[in-house]
Amino acid sequence: MQNLLRLSVGLTMVLGSAGFTSIALADTTRINALFMSQTAYSEQDVRDMTASFEKANPDIKVNLEFVPYEGLHDKTVLAQGSNGYDVVLYDVIWPAEFATNHVLVDVTDRVPPDVKAKILPGAWTTAEYSGRLYGMPWILDTKYLFYNKSMLAKAGIDSPPKTWDELAADAKIIKQKGIVEYPIAWSWAQAEAAVCDYATLVDAYGGKFLDSSGKPVFQNGGGLEALRYMVQTVKDGVTNPNSKEFLEEDVRHTFENGQAAFMLNWTYAYNLANDPKESKVAGQVGIEPALGVNGITTASGVNGSQGLGITMTSQHPGDAWKYIVYMTSQPVQEQYAKLSLPIWASSYDNPQVSQGQEPLVTAAKVSLGVMTPRPLTPKYQQMSQALQVAIQKAVLGTESPQDALKEAADNSGL
């Protein structure tokens, strides 16, 4: 741990050598930090990281607040003034809005080129907008296909599917043999989770959300085929009907209880699903990159990464930056690599990171290279909400995929 602290303090000195100054009202500065209470690093992980930071920086105390993902955006936007947050966790889809509306501090000049070069290129899309950086990437994530090895073996399926069509065919076999009633579980509640599942399929089908002028095109081509696929799995009876209300945690629990042969979920689910204290299917969990489509793609993915930024209203931006640098440092990320993989390229050659989760790291090397971002637009929230409604209408059968997506394009604000 001493080595961890020394390395992190050293990196803090490099990144924090110029720029912000902190306004301290007492010997001990208190900063407020906002995190989410589910997926990726656990709440306890964040508390333990923070305790180590405070030990290395006894003049700084961090007040932690955890909210569900669904409350993260509005909490960040609405909490202003001296009682607001200094550090916030933000989704990859928000930098455009937060930069345009002056919610986050531009930290471009605080990241040295040698540090930037050591971080995976795709990670920087989490913190970047219009060539400027609005924080540091922290959680590097995409969705993977998880499968129950035992169920596939009972069904006589020798290997996991490689395409979405193969997945649907395997699910039908598993259902027909009575192994599980609904083989596939998805996160299709009317929330951002549904857009992430949809975006993964859009990527697989070679679709796009917007054209070069920023206008919606998801209602055609790969975007339309993706939603048609989702609806067809419902009609075929292979998708759990509760998927229409599921978020990622619901999907994970369903899979861990042996009530699904397949699920689409984030990195964090791998070690939890293989933990006998958490899961009834521990030891039977396989993982693959999200699938491709014959003749179009071999794998797919959605950028579900998140970053840490300093709010424009922070009273202590210097101390906030010091905390961010520590939390995103390579030693800290490698120590806590079981629920979220590091942003640092060389970490993937470190046995400490891969040990006990080799299949996950193998899948990540493919998935993190192909994951596609959701649109970088200041109006993302409006577009996403329109898509959430469209996905719900289509999977509920109240509108055709074509009509639902056309309506979403018309209501996207773009």
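The values are calculated or read from the model by the stated rules, or taken from the named source; none is laboratory data. Fair warning: this is a prediction, and the values are worked out from it, not measured in the lab. All Cβ positions, glycine included, derive from the backbone under ideal geometry; neighbour counts span all protein chains shown.
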Selected residue [in contact with a Phe, Trp or Tyr (Cβ under 8 Å, 6 or more places away or on another chain), touching a residue at least 12 places away in the same chain (Cβ under 8 Å), basic (K, R) and more than 25 Å from P359 (Cα to Cα)] from K215, K208, K177, K172: K208
Options D165, D211, D197: the member that is outside the structural domain of P359 (by TED's automatic domain parsing), within 20 Å of R252 (Cβ to Cβ) and of a type in the set (D, E, K, R): D197
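Residue by residue, here is whether (1) closer than 22 Å to K322 by Cα; (2) β-branched (V, I, T); (3) surrounded by fewer than 20 Cβ atoms within 10 Å (Cβ to Cβ) holds:
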site: K61; (1), (2), (3): yes, no, yes
site: P68; (1), (2), (3): no, no, yes
site: K75; (1), (2), (3): no, no, yes
site: L89; (1), (2), (3): yes, no, no
site: L104; (1), (2), (3): yes, no, no
site: V111; (1), (2), (3): yes, yes, yes
site: L133; (1), (2), (3): yes, no, no
site: N148; (1), (2), (3): no, no, no
Residue in region 331-378 that is farthest from G131 (Cα to Cα), counting only those that are among the charged types (D, E, K, R) and touching a residue at least 40 places away in the same chain (Cβ under 8 Å): K338
Residues being within 13 Å of L291 (Cα to Cα) and either touching a Lys or Arg at 6+ places or on another chain (Cβ under 8 Å) or surrounded by fewer than 24 Cβ atoms within 10 Å (Cβ to Cβ) (or both) - total across region 168-208: 7
From the options A363, A337, residue that is in a loop (DSSP other than H, G, I, E, B) and either basic (K, R) or buried (at least 20 other Cβ atoms within 10 Å of the Cβ) (or both): A337
Single residue of N257, N265, N242, N274 found to be polar (S, T, N, Q), over 19 Å from the mean Cα position of the chain (by Cα) and closer than 21 Å to S367 by Cβ: N274
Residue in region 273-291 that is surrounded by fewer than 23 Cβ atoms within 10 Å (Cβ to Cβ), farther than 30 Å from E358 by Cβ and of a type outside the set (S, T, Y) present: no
Within region 188-302, helices (runs of 4 or more DSSP H) holding 1 or more residues that are out of contact with any His (no Cβ under 8 Å at 6 or more places or on another chain) and under 24 Å from M383 (Cβ atoms): 192-204, 221-235, 248-256
Odd one out for T377, checked against (1) in a helix (DSSP H, G or I); (2) touching a strand residue (DSSP E or B) at 6+ places or on another chain (Cβ under 9 Å); (3) among the hydroxyl-bearing types (S, T, Y): (1)
Search result, residues across region 66-98 that are without any contact (Cβ under 8 Å) to a residue 40 or more places away in the chain and in contact with a Lys or Arg (Cβ under 8 Å, 6 or more places away or on another chain): V67
Matching residues in region 86-116 - criterion: being part of a loop (DSSP other than H, G, I, E, B) and more than 21 Å from S329 (Cα to Cα): I93, W94, N101, H102, V103
Options S150, S159; residue that is touching a residue at least 24 places away in the same chain (Cβ under 8 Å) and among the polar types (S, T, N, Q): S150
